[in-house]
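Have a look at the structure below before the remarks.
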2 protein chains.
Amino acid sequence: MMNYQTFFTEALERLQTERRYRVFADIERLAGRFPEALWHSPDGTRKITVWCSNDYLGMGQSRDVTRAMVETAWRLGTGAGGTRNISGNNHPIVELEAELADLHGKEAALVFTSGYVSNQTGISTLAKLIPNCLILSDALNHNSMIEGVRQSGCDKQIFRHNDLAHLEELLKAAGDRPKLIVFESVYSMDGDIAPIHAICDLAKRYHAMTYLDEVHAVGMYGPRGGGIAERDGVMHRIDVIEGTLAKAFGVMGGYLTGSRAVMDAIRSFAPGFIFTTALPPAVAAAAMASIRHLKASNDERQRHQRQVARTKAVLTGAGLPLMDTVTHIVPVMVGDAEACKAASDRLLEKHGIYIQPINYPTVPRGTERLRITPGPLHTDAHIDALAAALVEVWTALKLPLQPKAQAAE
Amino acid sequence: MMNYQTFFTEALERLQTERRYRVFADIERLAGRFPEALWHSPDGTRKITVWCSNDYLGMGQSRDVTRAMVETAWRLGTGAGGTRNISGNNHPIVELEAELADLHGKEAALVFTSGYVSNQTGISTLAKLIPNCLILSDALNHNSMIEGVRQSGCDKQIFRHNDLAHLEELLKAAGDRPKLIVFESVYSMDGDIAPIHAICDLAKRYHAMTYLDEVHAVGMYGPRGGGIAERDGVMHRIDVIEGTLAKAFGVMGGYLTGSRAVMDAIRSFAPGFIFTTALPPAVAAAAMASIRHLKASNDERQRHQRQVARTKAVLTGAGLPLMDTVTHIVPVMVGDAEACKAASDRLLEKHGIYIQPINYPTVPRGTERLRITPGPLHTDAHIDALAAALVEVWTALKLPLQPKAQAAE
């Protein structure tokens, strides 16, 4: 007979042996002082600078967003108190859905408890409803999309990342059956962007539906923060756009937007939507305040892009091995799990700079990295301090710096 | 080629034909005046009384709980800004997990974005990790548990609801392989309770792990609100206890508690935990305030039970067909989908009383019902008004009342 306790203990020991065991840093961000935070380390509490947050624009400390959360909590309470169907359909969530539909130029939107759930239950429900549906899924899609594809039980084909020729080959081979292409706009770990227009051309030619994940783009790209599809003028060609309220919008939750019929079908059939408590009114109100602000204001987006560009320039100038990206995601390559963890630890302990190591299985082995996300609240001084700290760490750990940097020193 | 738009429109028309199409009531609960709320109806805004909330104790309007949310939002911001691993591990969520472990007398706890996700990714990860695991699942388990079982890909056996003989038969037939029994304490639609001690006896005899969903019991039962397992003195015999922060605790989120090794394994392997943004610090702090209050105070639980008992007595006295339950869940049986919807509509429109109809597939056809959840904030006057309204509706719709009531009238 199995000893369950021993079994789990041994499973964890294997993770540690493989250097895959994760330790979570216990932090408190300081509203009004982002990107500064407190780190509750085993040796006491220290002030640190966060360089790996997905609250990309710092909206989580916006006074307007916080005020919306606070006023709504005092007025309507702290929770929704039920599923959307059974007493949980609070007025702020209804308004939020209208706001999101407008953001993406769609007829309707649906809010979920997380972006993860919106992908998982959204994709699986959509594909399951369509008889004999074939899903075509980008090879680098996020885990939540992979789970959605898997749980649909439908046939699937994985196309090579952003590879239009491969996608077309698979579409052509699929013949007349219904097809759903699922992909992302900004891929979070490599920071590259999908050719959305060209994918829509293929979808039209081969009569496929399109499902686009914009979680790393909404709020940050497009004149109103509608994402890369808005920036590229292609929102209207996408059937379903998925986004998050937990990254650039600074709160929590996920959503889908699309035609009234498709949203209503997902609303009516998706178990991960039907059988779960609705988002609290205070969370919905905060998200709406954030979206409204970023629809009207380009200031955060411009400062964001400026600080991203400066971070890339300064780190490259210091000889650090940056992966070349066209977005706000700045991966500094290490290529080894243990060195990556050591670099992260040294940055935090010696320099008070917090950048979580990104190891397998989040990225392929041999591509371990520090994933840096500069925001509009990182000052030029923060960037210079980051570059100096990274060079110290790279030198101490005998990691390779580019020749250019050594000349500059 | 399929016309996707037409296809979805027709799928929705089928739902309407089958009377399964759901319309969400757009409501605003009024903090400080629960169970009163505003209903944004097509004809304007009206004041109503909510009788179907899962914020069972009204903690969602507690000033202490709200203050914890508000103060934390001003101090740490509105969102976590990342996954638990990547910068989202905020200090309040760390404290909340310690509080939850203590509540259930376990070594560790893990917080999820919802109870749905905790069941779905918790059960599937746990069962997937154990080689050749057989899952034994109660026939009335919640959809989130069913999805967890399904997604594990493991062999499963469904035992008849609360049927110890059937469970034993299946355990015996399974032989030496590892086994996981998944069940609930309070079943939400029938309001009955599992024989937890006896199930633990069987688990011990046949060497199975136990996984217990207490979402409709935490906060409400047991001297510290630890649930039915606490009330029955059986918490220590359960391997994994799952609960929610969104019902009696009045906020949002879900959790698991258990041994350090089992929690650490789920933390390390569960995709629905790893790849999703953490609960906002303000939400975690609010939940912690609620749990702490209910650990120390029996007042809400006592008033809850009193008003539940009074509601049952008054409705039964009025001749309404109550399902006999031993918990705070009071189903009034209708037995027909259309009549159930009509009763709910008339209650809301004519009497300002909001009770959502519960139809198939949430309950089996022929057992359609109004599911009433009295709370400590429903006054005796609310209860009397409810009884009068139900009798009016039952009479108007020609639904059967018990003879007793007719005598009493």
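What to note about this one:
- Net dipole in debye of the protein assembly as shown [+1 Lys, Arg Cβ; -1 Asp, Glu Cβ; about Cα centre; nearest 20]: 320
- Cα-based helix-to-principal-axis angle, B:260-269 vs chain B, degrees rounded to 10: 80
- The charge dipole of chain B, taken about its Cα centre with unit charges on the Cβ of Lys, Arg, Asp and Glu (plus for the first two, minus for the last two), comes to roughly 200 debye.
- B:R205/B:D64 FRET efficiency (R0 41 Å; Cβ-Cβ; nearest 0.05): 0.40
- Inter-copy label distances at A:D324, using a point 7 Å along Cα-to-Cβ, come to 7.8 nm with the shortest given first.
- Sorted from shortest to longest, the distances between the A:D384 label points of this copy and the other copies are 7.6 nm, with each point 7 Å from Cα along the line through the beta carbon.
- Segment A:R306-A:Q5, length gained on full extension (0.36 nm per residue, minus Cα span): 103.2 nm
- Look at where the Cα atoms of the range A:166-210 and of the range B:31-64 average out, and the two centres are 45 Å apart.
- With the simple spin-label model, which puts each label point 7 Å out from Cα in the Cβ direction, the B:K398 to B:A165 separation comes to 4.2 nm.
- Comparing each chain alone with all protein chains together (probe 1.4 Å, DNA, RNA and ligands left out), the residues of the range B:277-292 losing at least 10 Å² of accessible area are B:T277, B:P280, B:V283.
- Seen from A:V363, the other residues with C-beta closer than 10 Å to its C-beta sum to a net charge of +1, counting Lys and Arg as +1 and Asp and Glu as -1.
- DSSP beta bridges in the protein assembly as shown [antiparallel fraction, %, rounded to 5]: 55
- Interface burial for B against A (accessible surface, 1.4 Å probe, total of both chains, Å², rounded to 100): 9000
- Taking every alpha-carbon pair under 8 Å whose residues sit at least 6 apart, the range A:1-131 reaches a relative contact order of 9 percent.
- Rounded to 5, percent antiparallel among DSSP beta bridges of the range A:157-309: 35
- Alpha-carbon Rg/Rh ratio, for chain B, with Rh computed the Kirkwood way: 0.98
- Where both bridge residues fall in chain B, DSSP classifies roughly 55% of the beta bridges as antiparallel.
- Spatial offset of the range A:67-81 relative to the range B:279-303 amounts to 16 Å, using the alpha carbon center of each.
- Between the Cα long axis of helix A:337-351 and the first principal axis of chain A there is an angle of about 70°, rounded to the nearest 10.
- The mean of 1/r over all distinct Cα pairs in the protein assembly as shown, once inverted, gives the Kirkwood hydrodynamic radius of 27.4 Å.
- The largest accessible area among B:D176, A:D43, A:D232 belongs to the first residue in A:D43, B:D176, A:D232, and the rest follow in falling order (1.4 Å probe, all chains).
- Protein heavy-atom surface of the range A:1-132, 1.4 angstrom probe: 48% of the accessible area is carbon and sulfur, with nucleic acids and ligands not counted.
- Inter-chain Cβ neighbour count for A:143-151, averaged per residue, equals 3 (cutoff 10 Å, partner chain atoms only).
- Accessible area (Å², per residue) of chain B, counting only protein heavy atoms and a probe of 1.4 Å: 35
- Counting Cβ atoms of other protein chains within 10 Å of each residue's Cβ and taking the mean over peptide B:66-75 gives 6.
- Other-copy label distances relative to A:T6, 7 angstrom Cα-Cβ extension, nm: 6.5
The values are calculated or read from the model by the stated rules, or taken from the named source; none is laboratory data. This structure is a prediction, so every number in the text was calculated from the model and none was measured. Don't worry about glycine lacking a Cβ; one is built from the backbone with ideal geometry, like all the others, and counts go over all protein chains shown. Calculation scope for accessible area: heavy atoms of the full protein, side chains included, ligands and nucleic acids excluded. Shrake-Rupley method; radii C 1.70, N 1.55, O 1.52, S 1.80 Å.
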